[in-house]
Amino acid sequence: MQPTAKIWMNGELVDWDDAKVHVAVHGLHYGSGVFEGIRCYDTPRGPAVFRLREHLERLHNSAKVLYMELPFTVDELRRGVHDLIAANGIPSVYVRPIAFYGYGELGVATAGNPVEVAVISFPWGAYLGEESQTKGITAKTSSWERVGPNVIPHVAKATGIYLNSMLATTEARRAGYDEAIMLSHDGYVADGPGENIFVVKGGVLRTPPLAMSILPGITRDSIIQIAQDLGYRVEESLLIRTDLYLADEVFMVGTATEVAPVRAVDDREIGVGPVTLELQRAYADTVNGRSERWSQWLDVVEMSPSAAEA
Ligand code: PPE
């Protein structure tokens, strides 16, 4: 990753190299943390964070599921994100807030461990490679099941859940595919290791419902709204793997990924289709501030005079 000047840590901006924790922190041993992935874009109105408040509200919801009390409100965290972006002076960045149980007692139970909160911001290009956006990616159904609602609820974007994602993505990459597709314990399509998934069939969009215990993706929600505004019907419905094989189009969405066409699933060619490309363009225009239509989702950052000069 490309370091930037500052990291926001527990309410203060510290130098990148000084944002450290002890090896005995609870979050490192047990994956007891929650995080967010947010993008800030260089728009004509200045750097703008896409749906920042919704991301920070989701962070609070994630914490609640883990019995964790965040010591900062959504407004305080929003201020922190703005301050960090202004201090680092780079308009186009990925923003990664993380909160975790810190140093104190070891042992699974959290016995008064303090909750540490940090926000990192750094430039991050296309999640699945530059070509993914135009040529599409190949995906493989994972042999690893998605964690279920009574295993670890994925309404929480909890760090520990991502071991499940890491196994799936590593398996897929080692087998020569770009990304994994994860199924629930009873065989329904859930999501990607770091993306939500859509299929297009007969001009209708279908995506797994939130009751699949998938992450309530903010890009998923944005794409549903954009697609409906563009006149498409969107159904939240159960999908099985053959729905992917026989779809007209399949695509994955997420903050890091944005909108990536899936051109093949389990070696069945699907190709890159026009609906995916239309939504990809609408999403790119929205986040980059080129379209007024959904501009209410942009949270413009005031760059400090010193950062603007740098
Ligand atoms: N599902 C999962 C499992 C997931 O991790 C993400 C985000 C999404 C769906 C899409 O959610 P949203 O970003 O709100 O649209 N994955 C993050 C990257 C994971 C990683 O660090 O790697 C992201 O896109 O920021």
Calculate, in nm to one decimal, what Lys135 and Ala24 gain on full extension: separation in residues at 0.36 nm each, minus their alpha carbon distance. 35.5 nm
For segment 194-246, what does the alpha-carbon gyration tensor say about shape, rounded, prolate or oblate, given a ≥ b ≥ c as the root eigenvalues, a/c under 1.5 as rounded, and a/b over b/c as prolate? oblate
Cα-based helix-to-principal-axis angle, 52-65 vs the chain, degrees rounded to 10: 80
Average accessible area per residue (Å²) across the chain - probe 1.4 Å, nucleic acids and ligands excluded: 45
Rounded to the nearest Å, what's the spacing between the alpha carbon centres of segment 1-31 and segment 84-155? Just the number, please. 14
What do you get for Rg/Rh of the chain when both radii come from the Cα atoms and Rh is the Kirkwood radius? 0.97
Give me the percent relative contact order of segment 200-276, please, defined on Cα pairs under 8 angstrom at least 6 residues apart. 31
Compactness ratio of segment 6-124: Cα Rg over 2.2 N^0.38 Å, N = residue count? 1.07
Using a 1.4 Å probe on the protein chains only, how many percent of the accessible area of segment 130-285 belongs to carbon and sulfur? 53
Looking at segment 65-117, which GluC sites (Glu not before Pro) are in a loop (DSSP not H, G, I, E or B) and have at most 15 other Cβ atoms within 10 Å? Glu69, Glu105
Can you compute the helix-only [θ] at 222 nm over the chain? Use -39500 (n - 2.57) per DSSP H run of at least 4 residues, normalise by all residues, nearest 500 deg cm²/dmol. -8000 deg cm²/dmol
Burial ranking of peptide ranges 201-210, 50-59, 279-288, 226-235 (average Cβ count within 10 Å, highest at the top): 50-59, 279-288, 201-210, 226-235
Please report how many Lys pairs in the chain have alpha carbons closer than 20 angstrom, counting only residues at least 8 apart along the chain or sitting on separate chains. 4
Roughly how many nanometres apart are two label points built 7 Å out from the Cα toward the Cβ at Asp42 and Ala211? 4.6
Using a Gaussian network for the chain with springs between C-alpha atoms less than 10 Å apart, which of these wobbles most: Gly217, Gly112, Gly33? Gly112
Sequence ranges 81-88, 133-140, ranked by mean other-Cβ count within 10 angstrom, highest first: 81-88, 133-140
Cβ charges +1 (Lys, Arg) and -1 (Asp, Glu), total dipole of the chain, debye: 340
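The values are calculated or read from the model by the stated rules, or taken from the named source; none is laboratory data. These numbers come from a predicted model, not from an experiment. Here Cβ is always computed from backbone atoms with ideal geometry, including for glycine, and neighbour counts include all displayed protein chains. Note: areas computed on protein heavy atoms with side chains; ligands, DNA, RNA excluded. Shrake-Rupley method; radii C 1.70, N 1.55, O 1.52, S 1.80 Å.
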